[in-house]
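Step one of this worksheet: look at the structure below.
Laboratory data are not the source of any read-out in this text; all were calculated from the coordinates shown. Keep in mind it's a predicted model, so treat the numbers as computed, not measured. Here the Cβ positions follow ideal geometry from the backbone for every residue, glycine too, while neighbour counts run over all protein chains shown.
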Amino acid sequence: MSILHTVNKSAYERNALDSCLGHTKPGDSVLLIEDGVISARAGSVAGDKLAAALGETGVSIYALGADMAARGIPEDKLVDGVKVVDYAGFVDLAAENDAVEAWL
Amino acid sequence: MKFGILVNEGPYQHQASDSAYLFVKAALEKGHEVTRVFFYHDGVYNGTSYSVPPLDDRQITKQWSELAKEYDVDLVLCVAACQRRGMMDDGEAERHGKGANNVAEGFRISGLGQLIETGIQSDRLVTFGD
């Protein structure tokens, strides 16, 4: 059973991303939305955690493009391996996984 | 696929209602069914007909009402959350001796059981909040 985890806060504001990454299983997906996308910037403390999670835990990590654009984060500044999706992609992820867990 | 949606935050204060609206719209446009959007806590403010935002701003309540009309989406406001926050339909206003109905078109007030039902009847429950 795979889970789509959504994280909507920056890792510099709350510990939702850490909590989330501590609970993911191989095959799960993590989608960064709203201020959550701030964590996906390459070369940052949170970005390094995401890069480690991508390499070690077998999870896929996604970021919502509209929320990145609203915060001035271009795609080429993202951690390698983080995939950008739009709202239709968010819907697809929610459908493809067996459950959706919001880390509020 | 059937999606149930939970919105826990009010409009303009937090992005949750914008994110939820855009998710619901995308799901409906892809041909999925949205069984119900349940508004809980400050989320009930999404359904006030007394909201008059500046014309060049997002018309969040109106957007929900239009979506409900176009796709027949059930927009439910939690009754206990409404009572605490001054949201009333005709029945509630009469019961509490208040003079107005401020529930916008397409929304209705009902109980928390509707959230549980949505969780049971939907394939996925997606939560938006703070």
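Taking a ≥ b ≥ c as the square roots of the eigenvalues of the Cα gyration tensor of the protein assembly as shown, is the shape rounded (a/c under 1.5), prolate (a/b larger than b/c) or oblate? Prolate.
Pairs of Lys residues in the protein assembly as shown that lie 8 or more places apart, or on two chains, and have C-alpha atoms under 19 angstrom apart add up to 13.
Classified by the C-alpha gyration tensor, the stretch B:2-128 has an oblate form. Its axis ratio a/c, with a ≥ b ≥ c, is 1.5 or above, and a/b does not exceed b/c.
Considering only C-alpha atoms, what is the centroid distance from the stretch B:59-130 to the stretch A:40-79, in Å? Rounded to whole Å, the Cα centres lie 35 Å apart. Please state the relative contact order of chain B as a whole percent: Cα pairs under 8 Å, 6+ residues apart? Reported relative contact order: 37 percent. Around the Cα centre of the protein assembly as shown, unit charges on the Cβ atoms of Lys, Arg, Asp and Glu (plus for the first two, minus for the last two) sum to a dipole of about 360 debye. Between rounded, prolate and oblate, where does chain A land on the alpha carbon gyration tensor, with a ≥ b ≥ c its root eigenvalues, rounded for a/c under 1.5, else prolate if a/b exceeds b/c? Rounded. Only helices reaching 18 angstrom along their own axis (Cα) with mean Kyte-Doolittle hydropathy no lower than 0.0 count here, and for the DSSP H runs of chain B these are B:16-29. Note on the stretch B:2-128: with charges restricted to the Cβ of Lys and Arg (+1) and Asp and Glu (-1), its dipole about the Cα centre is near 220 debye. Inter-chain Cβ neighbour count for A:61-71, averaged per residue, equals 1 (cutoff 10 Å, partner chain atoms only). Counting, for every residue in A:84-96, the Cβ atoms of other protein chains within 10 Å of its Cβ and taking the mean gives 5. Quick one: compute the contact order of chain A, relative version, from alpha carbon pairs under 8 angstrom and 6+ residues apart, as a percent. Once normalised by length, the contact order is 37 percent.
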